[in-house]
1. Could you grab me the full set of residues in region 15-43 that are more than 16 Å from I72 (Cβ to Cβ) and part of a strand (DSSP E or B)?
2. With the requirement that a residue be closer than 28 Å to Q166 by Cα and at pLDDT 95 or above, what does region 98-131 give you?
3. Determine if region 6-14 includes at least one residue that is touching a residue at least 12 places away in the same chain (Cβ under 8 Å), in a strand (DSSP E or B), open to solvent by 40 Å² or more (accessible area, probe 1.4 Å) and touching a Ser or Thr at 6+ places or on another chain (Cβ under 9 Å).
4. So which of Y116, Y127, Y91 ends up being open to solvent by 70 Å² or more (accessible area, probe 1.4 Å) and of a type in the set (F, W, Y)?
Amino acid sequence: NTATYVALGDSLTAGVGVTQYEQSYPYVFAQKLSVNQKEKIILKPFAIPGAKVSDGIGLLLDDVIKTRPDIITVLFGVNDVHDRVSAEEFYLQYKTVLTRLTKETNAQIYILAIPYIGSPRLILPPYDTYFDSQTQKFNQILLQLSEEYPVVYVDLYTQTRSNATQTEYYSSDLFHPSDIGYTQWSTIIYDAFNN
């Protein structure tokens, strides 16, 4: 038995911050799936560092749909927050992504909450509170979308927020997660998959 897993997103999905892609969350999650579901998982990452939801629509969506995925994780939002995309625009664009994925694939779809990223040593006041409140606002939108579409909302925020001050969760750029950070994400996603 073979299943195709598509990881759609930005630098966090591309595994920026780890020394090798095998330490990224899509890879570790795919491994957990293959071991526990007793089937071969084909991982196809579609990720562009710096991508916003609009880039996902313009550059990745058609190719994602062509792979006929069985499982999809979607993680966008960090760049939308940092580039000050409005909440309305974020909602409408994410809706476009979910409308197409739910209509044009038969995949199980997991939308990942925007994690709390960026060490307090990097993102200083008042920016930390601004980015955090925007992240929470955008996650509320994702939660709402998960009620409008047959998708599962995975809360990556709560756990990452409580780890925010622990240095080992960050890579050397103090922004992207370390392999420890990403491994923790893959566990959260796998638990959601199992429920």
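1. The answer is K40, and nothing else.
2. Passing the criteria: Y110, I111, L112, A113, I114, P115.
3. No, there is no match, as no residue in region 6-14 is touching a residue at least 12 places away in the same chain (Cβ under 8 Å), in a strand (DSSP E or B), open to solvent by 40 Å² or more (accessible area, probe 1.4 Å) and touching a Ser or Thr at 6+ places or on another chain (Cβ under 9 Å).
4. Going through Y116, Y127, Y91 in turn, just one is open to solvent by 70 Å² or more (accessible area, probe 1.4 Å) and of a type in the set (F, W, Y): Y127.
Conditions tested, residue by residue: (1) of a type in the set (A, V, I, L, M, F, W, C); (2) buried (at least 18 other Cβ atoms within 10 Å of the Cβ).
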site: S24; (1), (2): no, yes
site: A30; (1), (2): yes, yes
site: K38; (1), (2): no, no
site: I71; (1), (2): yes, yes
site: A87; (1), (2): yes, no
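The values are calculated or read from the model by the stated rules, or taken from the named source; none is laboratory data. As the structure is a computational prediction, the values presented were derived from the model and not from experiment. Positions of Cβ are generated from backbone atoms using ideal geometry, with glycine treated the same way; all protein chains shown enter the neighbour counts. Protein only, heavy atoms only, side chains kept; ligands, DNA and RNA dropped before computing areas. Shrake-Rupley method; radii C 1.70, N 1.55, O 1.52, S 1.80 Å.
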